[in-house]
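See structure below.
Every read-out reported here was derived from the displayed coordinates using simple, explicitly stated rules and does not represent laboratory data. Because the structure is a prediction, the values reported are computed rather than measured. For neighbour counting, all protein chains shown are included, and Cβ atoms are generated from backbone atoms with ideal geometry for every residue, glycine included.
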Amino acid sequence: MNAEPINVTGTPIRGKGEVLLSVENISLRFGGVKAISDVSFDIRKGEIRAIIGPNGAGKTSMLNCINGFYQPQEGQIVFKGERRAKMRPHRAAAGGIARTFQNVALFKGMSTLDNIMTGRTLKMKKGFFWQVLRHGPAMREEIEHRRVVEDIIDFLQIEHIRKLPVGKLPYGLQKRVELGRALAMEPELLLLDEPMAGMNLEEKEDMCRFILDVNNQFGTTIALIEHDMGVVMDLSDRVVVLEYGRKIADGTPDEVKADQRVIDAYLGVAH
Ligand SMILES: Nc1ncnc2c1ncn2[C@@H]1O[C@H](COP(=O)(O)OP(=O)(O)OP(=O)(O)O)[C@@H](O)[C@H]1O
Ligand SMILES: [Mg+2]
């Protein structure tokens, strides 16, 4: 086995260090509610970057700014050297950012296989005409997409549920299928919003392993929102802490754990 991490297309990736995305002085308001206030941090290539903080701290809003679901009133985002005040969701996706949601967002009536296949949509190059004919280039393209999807199904060990409608699956497996759909986009940056919420211990351990494997084997950079501090400490290279929309700490898990403002935020002392 090759010890050097490679991405899905087989190209060796460089080590952690280079900045892949930076959030610069982002502020986001909803009417009178300040969801994010002047937050800056960066995400380096190849790392697992946790975003933590109490409920309502602005974590999901931050992911929504990064992938273009929300447009911050102030600040900008630099992704792969390109600076933009506004990131459109389809451009973020085409540029290599994929995500999963805090509440599972799958097509409940569709099978595992078809749900993961939807992650390939952006990669489909041949137009509708060829698709309908299921002929020549479109056929070859579909075979290639199927191969990638089958590899992901293998990787996530969900062969046994590939034909089942996802609405019938236990919650832990639905979360895994959603991860599969995001992986089908072959993202450079994967945003995970509480991928382990509502899971039992065994499901959590499985999900932790898959996240680490995605990071190690494909070299995918990961930004992860998670409430379970044990998971955050085990998985992440660096942690950014938000509270009431502001950044209160940023550093390695050990640094953040020892930070008095973080301790206060979690114990509620400061409130
Ligand atoms: N679409 C929206 N419209 C209005 N207010 C919003 C919207 N989205 C988020 N907010 C508000 O912004 C603040 C931050 O919410 P956000 O969902 O980002 O927090 P969070 O850190 O993800 O919390 P949780 O841990 O509960 O998921 C909250 O006060 C929330 O009510
Ligand atoms: Mg949230």
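General remarks:
- Exposure proxy for C65, C208: other Cβ atoms within 10 Å of each Cβ, ordered fewest to most, give C208, C65.
- Difference of contour (0.36 nm per residue) and Cα-Cα distance, Q76 to N103: 7.0 nm
- DSSP-defined antiparallel bridges as percent of all bridges, the chain, nearest 5: 60 percent
- Cα-based reach from K80 at 17 Å (exclusive), listing aspartates and glutamates while leaving out same-chain residues under 8 positions away: E18, E24, D42, E47, E186, E188
- The chain: DSSP helices with Cα axial extent of at least 15 Å and average Kyte-Doolittle hydropathy no lower than -1.0: 136-155, 171-184, 201-218
- Violating pairs (Cα-Cα greater than 26 angstrom) within the set K34/K108; K34/K175; K175/K247; K86/K108; K86/K247: K34/K108; K34/K175; K175/K247; K86/K108
- Potential extension, Q217-R91 segment - 0.36 nm per residue separation minus Cα distance: 42.8 nm
- If you take all other residues with their beta carbon under 9 Å from the beta carbon of L224, and give Lys and Arg +1 and Asp and Glu -1, the sum is -2.
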